[in-house]
Amino acid sequence: MDQLVKQNTNLLQRWQDRGQWVSLFGRRVFYIDTGGTKPVMVLLHGFPTSSYDFKIAIKYLANHFRVIAHDHLGFGNSDKPKQYSYSLIEQTDIALQLWEHLNLSDVTVVAHDYGTSIATELLARSNMNQLKFTIKNFVLSNGSIHIELSQLRLIQKLLRLSIIGKLVAKLTTYSRFKSNMLNLFENKNKLSEEELQVHWTLLNQYDGKEVIHKISRYTYERKKFWYRWIGALIDTNIPVDMVWARNDKVAVAKIAELLHDEIANSSLKWIENCGHFPMIEKPEEWAENIIHISQIRREISSKK
């Protein structure tokens with residue numbers, strides 16, 4: 001186990017060395033920025049993990065894009081304040097403040113899981129001309145946007161309860177975390193013990209287990225803002241594409257199919273034999289699909 005802990009520490013340190021922190025609204029936010037003059041792609045990660053999900057995929061994406069990925073407040077290497085609402089609206093404010101800090105002018109937004117709700121809030125604001133930059137296109141991946149179709153896990157349902165959730169978070173062990181994570185993979189060998197240890201460390205550091213139950217309540221916001229966010233997807237003129245792992249047990253395939261039907265300017269690309277985390281389970285295929293879609297969208301946009 002000592003050797004495993006050492007490997008975990010080395011992996012985490014190398015990831016942190018690739019990024020940096022910035023203070024936004026008085027909170028430290030960790031982000032990765034591959035830099036350069038290529039078109040910009042911003043990545044929005046899911047729950048309960050962090051931008052570390054994209055570690056391998058960034059290698060492929062960065063061949064074509066300047067890639068920026070940050071840890072939402074309460075996640076990963078970012079601050080995890082105890083006195084905070086962890087609303088998806090505020091998480092959107094954090095993302096926008098970071099991108100303004102980086103002087104971005106036009107971007108492709110790629111979002112997974114929890115991040116897809118931030119993406120739909122961005123879309124709602126864009127539809128109302130409230131953004132200071134242009135979004136070229138959205139790519140959504142395995143998020144329970146249609147929350148009524150989602151197959152939420154028991155741990156998600158328990159964590160979001162006001163009193164029980166805090167106790168469940170406190171009592172959750174690495175063994176339970178590992179089991180829950182691996183159950184979301186079609187091929188469980190694609191997430192090594194070392195990588196699982198890093199994800200667990202990122203969740204726990206800065207007393208992360210003390211706020212995870214607050215963050216878990218985001219599923220209630222998906223119901224509260226259903227008309228705002230689904231309405232934004234239906235009304236938008238911005239291309240919205242789905243790159244979806246077909247075998248997801250939570251954000252099931254029917255969600256992607258419904259989104260494709262609802263959104264006029266959309267496409268749907270399946271990743272076969274893959275679970276909830278396609279950027280981890282099949283990072284090259286996931287990234288190549290996103291690259292292909294985004295390049296086509298930019299070419300079409302430049303001809304208008």
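The values are calculated or read from the model by the stated rules, or taken from the named source; none is laboratory data. None of the values given here were measured: they were computed from a predicted structure. Using ideal geometry, Cβ is built from the backbone for each residue, glycine included, and neighbour counts are taken over all protein chains shown. Note: areas computed on protein heavy atoms with side chains; ligands, DNA, RNA excluded. Shrake-Rupley method; radii C 1.70, N 1.55, O 1.52, S 1.80 Å.
Some points to look at:
- Test: residue in the range 250-257 that is free of Cβ contacts under 8 Å to residues at least 24 places away in the same chain, closer than 20 Å to THR108 by Cα and open to solvent by 10 Å² or more (accessible area, probe 1.4 Å): no
- Qualifying residue in the range 52-61 (condition: assigned to a helix (DSSP H, G or I), of a type in the set (Ser, Thr, Tyr) and touching a helix residue (DSSP H, G or I) at 6+ places or on another chain (Cβ under 9 Å)): yes
- Residue count for the range 88-116, restricted to those that are out of contact with any Lys or Arg (no Cβ under 6 Å at 6 or more places or on another chain), under 25 Å from MET279 (Cα atoms) and of a type in the set (Ser, Thr, Tyr): 3.
- In the range 287-304, the residue that is farthest from LEU191 (Cα to Cα) out of those that are of a type in the set (Gly, Ala, Ser) and either open to solvent by 50 Å² or more (accessible area, probe 1.4 Å) or within 18 Å of the chain's Cα centre (by Cα) (or both) is SER302.
- If you go through the range 145-165 and pick out every residue that is open to solvent by less than 10 Å² (accessible area, probe 1.4 Å) and under 19 Å from ILE212 (Cβ atoms), you end up with 1.
- Residue within the range 142-164 that is in contact with a Gly (Cβ under 9 Å, 6 or more places away or on another chain), closer than 21 Å to SER266 by Cα and at pLDDT 95 or above present: yes
- Within the range 174-186, residues that are within 21 Å of ARG246 (Cβ to Cβ) sit with their Cβ atoms under 7 Å from residues that are among the β-branched types (Val, Ile, Thr) and part of a loop (DSSP other than H, G, I, E, B), at 6+ positions apart or across chains, in these pairs: LEU184/VAL250.
- ALA69 being open to solvent by less than 20 Å² (accessible area, probe 1.4 Å) and touching a Pro at 6+ places or on another chain (Cβ under 7 Å): no
- Any hit, the range 26-37, residues being among the aliphatic types (A, V, I, L, M) and open to solvent by less than 10 Å² (accessible area, probe 1.4 Å): yes
- Members of the range 92-144 found to be assigned to a helix (DSSP H, G or I), among the polar types (S, T, N, Q) and crowded, with 24+ Cβ neighbours inside 10 Å, listed by number: THR116, SER117, THR120
- Of the residues making up the range 228-241, not a single one is out of contact with any helix residue (DSSP H, G or I) (no Cβ under 9 Å at 6 or more places or on another chain) and exposed (fewer than 14 other Cβ atoms within 10 Å of the Cβ).
- Residue check, SER23 more than 26 Å from ILE291 (Cβ to Cβ) and among the small types (Gly, Ala, Ser): yes
- Any hit, the range 46-63, residues being open to solvent by 10 Å² or more (accessible area, probe 1.4 Å), touching a residue at least 12 places away in the same chain (Cβ under 8 Å) and in contact with a strand residue (DSSP E or B) (Cβ under 8 Å, 6 or more places away or on another chain): no
- Taken as a whole, the condition of being under 25 Å from SER301 (Cα atoms), of a type in the set (Gly, Ala, Ser) and open to solvent by less than 10 Å² (accessible area, probe 1.4 Å) does not apply to GLY74.
- None of GLU272, GLU284, GLU262 is in contact (Cβ under 8 Å) with a residue 24 or more places away in the chain, surrounded by fewer than 17 Cβ atoms within 10 Å (Cβ to Cβ) and within 18 Å of the chain's Cα centre (by Cα) except GLU284.
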